[in-house]
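One structure below.
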């Protein structure tokens, strides 16, 4: 048997009284040892968690690659300019943002925030997420930010026309 180490633990009085009632005096150490061992068997080891995290990250990377290939195939299958900007939306807020930008040919974050009825920081984060997702899948962003003036709007977001308009 391995060398044993003595530990001490603080228990609530009720639990200690229950332990003394149910477990005879000479058996308590074995009972506690078995209880700890049983609980440890059910708890995953940190190295297992690390391995699982690495596997999940690898799967996410591979899935992203597959999605990119599928998107490229879709781009090759459909004519250029037929990309639907809504494919990069996750939820209703993203769809509202894209709809607004499409209908007004561009929008500032305060305009979008007022339209969607949320704060502009959430809008900005959503726009960046859509931009990143489209950049990853297409190699080009479906929306872009332009700080200068364009169509009487300054510091606005625009749909990339070369990807969405039919040419």
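Bear in mind these aren't lab numbers, they're just calculated from the coordinates by the rules spelled out. In this text the structure is predicted, and so the values were computed from the model without any measurement. Because the Cβ atoms are built from the backbone with ideal geometry, glycine has one as well, and the counts that use them run over all protein chains shown.
Rounded, prolate or oblate: which one fits the range 81-164, using the alpha carbon gyration tensor with axes a ≥ b ≥ c (rounded when a/c is under 1.5, else prolate when a/b beats b/c, else oblate)? The partial results should precede the final answer.
Numbers: a/c = 1.60, a/b = 1.17, b/c = 1.36.
Here the range 81-164 falls in the oblate category.
For the residues 142, 15, 97, a GNM of the chain with alpha-carbon springs under 10 Å puts the largest fluctuation on 15.
Helices in the chain, meaning DSSP H runs of at least 4 residues, each add -39500 (n - 2.57). Divided by all residues, the mean residue ellipticity at 222 nm is -19500 deg cm²/dmol.
Could you compute the FRET efficiency for residue 69 and residue 95, with r as their C-beta to C-beta distance and R0 at 41 Å, rounded to 0.05? Result of the calculation: an efficiency of 0.95. Out of (1) 21.2; (2) 19.1; (3) 16.8, which label holds the value of Kirkwood radius over Cα pairs in Å that was computed here? Read-out taken from this structure: (1). Extension gain, residue 120 to residue 105, is 3.5 nm, computed as 0.36 nm per intervening residue step minus the present C-alpha separation. Reported to the nearest whole Å, the Cα centre-to-centre distance from the range 111-162 to the range 16-67 is 45.
Working from label points 7 Å from Cα in the Cα-to-Cβ sense, the residue 11 to residue 129 distance is 4.8 nm. Available extension along the chain between residue 151 and residue 28 is 36.2 nm, counting 0.36 nm per residue and deducting the alpha carbon span.
Potential lengthening of the chain between residue 39 and residue 61 amounts to 4.5 nm, from the contour at 0.36 nm per residue minus the alpha-carbon distance.
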